[in-house]
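Each remark here refers to the structure printed beneath this line.
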Protein chains: 2
Amino acid sequence: MDTSGIFAQFERHIALDEKEKLSIRSVLISARLRQGEFVETVGKVTANFIYVNSGCLMTYYTDADGSDHVIQFAMAGWWTGDLHSFTKEEPSIYSTRALADSEVFYLPKADMEMLLQKFPKLERYFRILFQNSIVSHQYRLIQNLSATADQRYENFSKRYPSLEQYVPLKYIASYLGITPEFLSKIRRKRSGH
Amino acid sequence: MDTSGIFAQFERHIALDEKEKLSIRSVLISARLRQGEFVETVGKVTANFIYVNSGCLMTYYTDADGSDHVIQFAMAGWWTGDLHSFTKEEPSIYSTRALADSEVFYLPKADMEMLLQKFPKLERYFRILFQNSIVSHQYRLIQNLSATADQRYENFSKRYPSLEQYVPLKYIASYLGITPEFLSKIRRKRSGH
DNA sequence: ATTAAATCTTAATCTGGTTCAAGGTCCACC
DNA sequence: GGTGGACCTTGAACCAGATTAAGATTTAAT
């Protein structure tokens, strides 16, 4: 599978020489996912950090009532997975699945740790990645605390216009923290009457 | 000011020798804050990453209506600040202030970058710190999406028992995403009738 | 092509939580 | 020791969004 995308991603924050790329390439596991296919399931330890090369993945939490709550969508160029399970090696409370046919690279935990030891600049890469991710999480939190469903939907559409193609509305509703029915109402109002 | 706490914190994830500690100590700026004092205010660029040595700080967002929404509390041993403003050097949308008399260390951005260059193991420290922070943020997001105010309050009390001493209830309500009035109602129900 | 399943919409009703307004409590400060 | 101010509580009216149930539309499998 083509690794130019993932290296372009690394090189947004750090420089890599051929030797380093070779090491990284040698541990990445490429996989093709069919739409709907599960990557991680509740109860199993997350063995890999996941890079989305193409397509779109979704990570969600299923509560006691059986309702799903979307934590994040991951498009091409994003990393995803359950960091809690991955870090602590405890069973995951989330599920991750493909929303469209997708190509991903798995980075197994042991290999990731090896790479981090061997190339400290990768620590820098992931430090920056996670730092930015915190900013996004805080932004979303603020949105949920202070904006109406209507405003949240508008911001979501602006922020992730491409997602509305891939993603069924019910998952967008879930991401926004509302029901599909209410999103439907919002959309009708928005579209004129 | 006593730096043993902050180094103990570093050493939870990385080992530091005396030379490294000296470098770090030489750039940390210690400060004492009075209860209520502002550390960062809306509209100004966040110049420092902030370590809380003792006491308790709070970071919050003030929306268009003038309501405050608490993003995080930071107790002794925690780092805090507006990572967006700090990273991008854009005006902060958050305020940070002391909830009790507190001691903090400021780590100015330029010094932090210098330290990260000089001691790559600090990249590792902050990578782990941020990685864990993402897990917490996701946990809170899930709570807000799937649990009732009642459950959220219960979980908060269990998770941060010490905070209920420092923190006025109205800020806990804000953190939970409800009004003080409704928190009051929840507390009454909880305490018998 | 046909059917079944998943998704999206509509409308009526209901509820968790807000808003508004008032009163009570606990300080700090002159 | 009283007065002002921040905080907490209470209750009534209200609303954003949930729930329930039904129908309409799209998608995918046979």
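Worth a mention:
- Here B:K185 is the anchor, and the lysines within straight C-alpha reach of less than 18 Å, apart from those fewer than 8 places off in the same chain, are B:K170.
- Cα-based helix-to-principal-axis angle, B:120-146 vs chain B, degrees rounded to 10: 10
- Subset of A:K21/B:K121; A:K158/B:K88; A:K19/A:K121; B:K19/B:K121; B:K21/B:K121; B:K19/B:K109 violating a 18 Å alpha-carbon distance limit: A:K21/B:K121; A:K158/B:K88; B:K19/B:K109
- Relative to the Cα centre, the charge distribution of the protein assembly as shown, modelled as +1 at Lys and Arg Cβ and -1 at Asp and Glu Cβ, gives a dipole magnitude of about 540 debye.
- Label point 7 Å beyond Cα along the C-beta direction, distances from A:G66 to other copies (nm, shortest first): 4.8
- For A:Y94, the amide hydrogen comes within under 5 Å of the amide hydrogens of A:G43, counting only partners 5 or more places away or on other chains and with H modelled in the peptide plane.
- The convex hull of the Cα atoms of segment A:4-118, projected and averaged over all directions, covers 7.2 nm².
- At the listed q of 0.11, 0.12 Å⁻¹, the Debye profile of the protein assembly as shown, built from one uniform point per Cα, gives log10 I(q)/I(0) equal to -0.88, -1.05.
- Inter-chain neighbour count for A:173-180: the average number of beta-carbon atoms from partner chains within 10 Å of each residue's beta-carbon is 1.
- Note on A:R187 and A:K19: the extension gain reaches 55.3 nm, defined as 0.36 nm multiplied by sequence separation minus the Cα-Cα distance.
- Taken residue by residue and averaged, Cβ atoms of other chains lying within 10 Å of the Cβ of B:119-132 number 6.
- Other protein chain Cβ atoms within 10 Å, averaged over every residue that makes up A:143-150: 4
- Based on alpha-carbon atoms, the Kirkwood radius and the radius of gyration of chain B give Rg/Rh equal to 0.99.
No value in this document is a laboratory result; all are computed from the given coordinates. Since this is a predicted model, take the numbers as computed values, not measurements. When we count neighbours, we look across all protein chains shown, and the Cβ atoms used for this are built from the backbone with ideal geometry, even at glycine.
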